[in-house]
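The values are calculated or read from the model by the stated rules, or taken from the named source; none is laboratory data. This is a predicted model, so every value here is computed, not measured. Every residue, glycine among them, receives a Cβ derived from its backbone with ideal geometry; neighbour counts consider all protein chains shown.
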Amino acid sequence: MLVHIKKIIRKAQQFGYAVPAFNVNNLETIIAVLRAAEKMKSPVILQATESAIAYAGLEELSALMRAAAGEVNVPVAIHLDHGHDLKIIKQAIAQDFFSVMIDGSACPYKKNVLLTKKVVRFAHEKKVWVQGEIGRLEGAEDWVKTGKLEAFFTEPEDAVRFVQDTGVDALAVAIGNYHGVEKIIEKKELKLDLKRLAEIATVVRAPLVLHGASGFPAGQIKKAIKSGIRIINIDSELRISFAKAQMEFWRKNNKIFDPRKILKPSILKMQKTAEEKIKIFGCKGKA
């Protein structure tokens, strides 16, 4: 069932768990995520990036998410991830997205504030939540590309000031999280700055969001949730699950041409990945 994101996140804040925000690009990913959520009786966020919209179309992808969400008996919210084009952000709001992100993290602080405030102003008129970001993640995902020298962690004093200056409803932080699939494929050492996170959570009242969380050890993720993370983005692990299932399928089959049979293993593999994340995030049975 479709609900406003605030209903999902306020309950997560009350009971101390995190809600998964899965990036979706097509019908197969949407099906996998919602089947996992319904099986685990978990709330879930379906989110699309601007590159996903460029691939599938905003109206088309929105219609798929809304139709599929309306057929399940768990709370589902729809969110625009990593928005930077104001035109697309406004179009997403017009398509009844419950939440949008304005990612001004690459900008100097003052420009980030001005840009974020502008989105907050017109989004709040439509009762839409706004997620902002302070700090910059290393790695690459869709249009977001940040080298090691360009990345910087979120400072607690900047975080509290940014929320006060902008009025955002949720805040994405940089604490060692990392965008991209190569961190998993190359088995990079992944470590979150949990002390920094605890300091941020102490001074910031807005729900905290962890981007680039794919591939991090379950123990670190659970500690991050305990320290105040309430939304966790997962994209890369779904992509890898999809691709691995396809590779395995084609190793065994070269005479099947029915797309439904070809894509079924990928749906099952992504569903299993989503179920594992739901267990780790502590939101199983919280629908």
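Does at least one position in the range 259-276 carry a residue that is of a type in the set (A, V, I, L, M), crowded, with 23+ Cβ neighbours inside 10 Å and modelled with pLDDT under 95?
no
Answer yes or no as to whether K87 is basic (K, R) and without any contact (Cβ under 8 Å) to a residue 60 or more places away in the chain.
Judged against the criteria, K87 is a match.
How about the range 193-287: which helices (runs of 4 or more DSSP H) wholly inside it have at least 3 residues that are closer than 18 Å to F22 by Cβ, without any contact (Cβ under 8 Å) to a residue 60 or more places away in the chain and among the hydrophobic types (A, V, I, L, M, F, W, C)?
The helices (runs of 4 or more DSSP H) meeting that bar are 236-252.
Considering (1) surrounded by fewer than 23 Cβ atoms within 10 Å (Cβ to Cβ); (2) modelled with pLDDT under 95; (3) among the hydrophobic types (A, V, I, L, M, F, W, C), say which one A213 fails and leave the rest.
Failing condition for A213: (1).
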